[in-house]
Every structure is written in C-alpha cells, then in structure tokens.
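**Q** What follows is a structure written as structure tokens; I'll ask about it next.
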Amino acid sequence: MKTIHKHRLKVGDEPQKIKLSPEGVIRQVAYSPHDQHLYLWAEVPAGSLIENSKTERCFRVFMTGDGIPDHAVFVGTALDSLRPESYHIFELTE
C-alpha cells in the first residue's frame with residue numbers, strides 16, 4: 001500500500017533537505033498563490049512516517065534562466081498564476 005506526503009519548499013538559492021523515504025517518488029509540484037509557497041507531493045510506502053524517515057534528500061528551486069548543476073535531476077515546474085514566475089525544482093544528487 002502507498003500514500004502521499006506533502007512537503008513545502010522555500011523559493012531561494014539554498015538547497016533544502018527533506019526527510020523522505022528512499023523509495024519516495026515525486027508525483028507533483030505546485031505553487032500556491034494564496035500562501036505564496038511551493039509544494040511537492042511524494043508517493044511513499046504506507047506506514048512510512050516523515051519524522052522517522054532516516055533519509056534526507058536535497059532539493060533546490062531554480063528560476064528560469066538560472067544555471068543548473070549537471071548533477072541536478074529535474075523534478076517538476078510550478079507556475080505562479082498571478083505573476084510571470086516559474087519555479088523549477090531539481091533534486092541534487094551529490
């Protein structure tokens with residue numbers, strides 16, 4: 001059995017570590033203009049608790065035109081429907 005966990009990301013230049021099961025698969029990224037936050041949803045095995053996950057995975061948000069390191073793996077793009085902004089989420093694998 002599986003479940004979906006939701007995580008909030010901050011817009012900025014700093015990588016962000018998220019406790020996430022190693023088997024976790026990112027299924028969706030979105031920007032909420034209401035609270036001005038980015039979110040990602042990950043499919044994980046049911047019963048895996050965010051607090052107990054021992055794996056920290058590293059993500060970073062890039063803006064359009066930013067340089068992206070070769071070791072970054074694309075996760076998804078989220079659009080701000082109220083402003084001309086796009087947020088590109090990558091997982092940093094090194």
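The values are calculated or read from the model by the stated rules, or taken from the named source; none is laboratory data. The structure displayed is predicted, hence computed values, not measured ones. No Cβ is skipped: glycine too gets one built from the backbone with ideal geometry, and neighbour counts run over all protein chains shown.
**Q** Please go through the range 18-29 and pick out each residue that is of a type outside the set (Val, Ile, Thr) and modelled with pLDDT of 95 or more.
**A** Those that are of a type outside the set (Val, Ile, Thr) and modelled with pLDDT of 95 or more: Arg27, Gln28.
**Q** Restricting the search to the range 27-40, which residues are under 11 Å from His5 (Cβ atoms) and touching a His at 6+ places or on another chain (Cβ under 9 Å)?
**A** Passing the criteria: Tyr39, Leu40.
**Q** Based on this model, can you work out whether Arg57 counts as more than 18 Å from Glu94 (Cα to Cα) and modelled with pLDDT of 85 or more?
**A** No, not satisfied.
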